[in-house]
Structures are given as structure tokens and as C-alpha cells.
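Here is the structure we will look at.
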Amino acid sequence: MIYDHTLKEPYAFFDEVPGKKFTNFQDVKSTIEELTDKVCGKNKAIIDKPIILNVHSQNCPNLTLIDLPGLTRIAVGGQSSDIYEVTSKMIQRYM
């Protein structure tokens, strides 16, 4: 999130969607879901590839967030049976 006191309207953009500026945050939500399906597949595999979202607003602090996967012990859907080991290794990389 990037604070900019000169903005009249907040906007967002994704590194994965070059040239598109989002002003409707329902579209941001939908794009997050689409990119997640594209990157991880419909079975929600755990992939070590970030989806980068930048939000610019006059009502936010300068802040960088990294969303790490939650510790998952039980695979759901088509997830790999070693899901716990995969997510544990990923979390250790970011700590």
C-alpha cells in the first residue's frame, strides 16, 4: 500500500496484469481469485510464486504485506498429500 495525499480516488494494479489500473475494488477481488486459479490451478496447489498487488490511496499507510500460506496439515481437493511439508518449507524461507 502506498500513501499519496494528492489522490482523489484510490487505485490498484497487479504486476501480472500490465497496463491495467483498477479503481473498482470488486474487480481487484475478482482478479485476485482469477490469478490464484491461474497460478495455483483449480486444485489450489501451493506455489512459491507471489501475486503482487499495489494499492495507492490517500487513506492508507505506506505498508508492505506478504501473505504466506497458512500451516495446513490436511490436503483438500486435489492438493498434494505432503501439503504440510510444502507449506512449512515455504514459511521457513520467509522467516
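Can you tell me which of (1) modelled with pLDDT of 80 or more; (2) surrounded by 13 or more Cβ atoms within 10 Å (Cβ to Cβ) is the one residue 64 doesn't meet?
Against the list (1) modelled with pLDDT of 80 or more; (2) surrounded by 13 or more Cβ atoms within 10 Å (Cβ to Cβ), residue 64 comes up short only on (2).
Within the set of pairs 6+ apart or on separate chains, which have a first residue in the stretch 73-95 that is assigned to a loop (DSSP other than H, G, I, E, B), a second that is surrounded by fewer than 10 Cβ atoms within 10 Å (Cβ to Cβ), and C-beta atoms under 7 Å apart?
75/81
Looking only at the stretch 25-42, which residues are under 19 Å from residue 83 (Cα atoms) and either touching a Pro at 6+ places or on another chain (Cβ under 6 Å) or of a type in the set (S, T, N, Q) (or both)?
Listed by number, the list holds a single entry, 36.
Return the total of residues in the stretch 35-60 being in a helix (DSSP H, G or I) and surrounded by fewer than 13 Cβ atoms within 10 Å (Cβ to Cβ).
Residues flagged as in a helix (DSSP H, G or I) and surrounded by fewer than 13 Cβ atoms within 10 Å (Cβ to Cβ) within the stretch 35-60 amount to 2.
Given (1) under 28 Å from residue 91 (Cα atoms); (2) surrounded by fewer than 16 Cβ atoms within 10 Å (Cβ to Cβ); (3) not acidic (Asp, Glu), identify the lone condition not met by residue 28.
(2)
Taking the stretch 1-31 only, how many residues are in a loop (DSSP other than H, G, I, E, B), in contact with a helix residue (DSSP H, G or I) (Cβ under 7 Å, 6 or more places away or on another chain) and free of Cβ contacts under 8 Å to residues at least 24 places away in the same chain? Give the steps one after another, and end with the answer.
Taking the stretch 1-31 as the starting set, the residues that turn out to be in a loop (DSSP other than H, G, I, E, B) are 1, 4-10, 15-21, 23-24.
The next check asks that each one be in contact with a helix residue (DSSP H, G or I) (Cβ under 7 Å, 6 or more places away or on another chain); those that pass are 16-17.
Now restrict to residues that are free of Cβ contacts under 8 Å to residues at least 24 places away in the same chain: 17.
Summing the residues that are in a loop (DSSP other than H, G, I, E, B), in contact with a helix residue (DSSP H, G or I) (Cβ under 7 Å, 6 or more places away or on another chain) and free of Cβ contacts under 8 Å to residues at least 24 places away in the same chain in the stretch 1-31 gives 1.
Identify the residue in the stretch 17-42 that is out of contact with any Lys or Arg (no Cβ under 8 Å at 6 or more places or on another chain) and among the β-branched types (Val, Ile, Thr) and, among all such residues, is modelled with the lowest pLDDT.
To start, the set of residues in the stretch 17-42 that are out of contact with any Lys or Arg (no Cβ under 8 Å at 6 or more places or on another chain) comprises 17-35, 37-38, 40-42.
Then keep just the ones that are among the β-branched types (Val, Ile, Thr); that gives 17, 23, 28, 31-32.
Working: 17: 94, 23: 96, 28: 96, 31: 94, 32: 90.
Selected residue: 32.
The values are calculated or read from the model by the stated rules, or taken from the named source; none is laboratory data. Here the structure is a predicted model, which is why all the values come from computation and not from measurement. Here the Cβ is made from the backbone with ideal geometry for all residues, glycine too, and neighbour counts use every protein chain on show.
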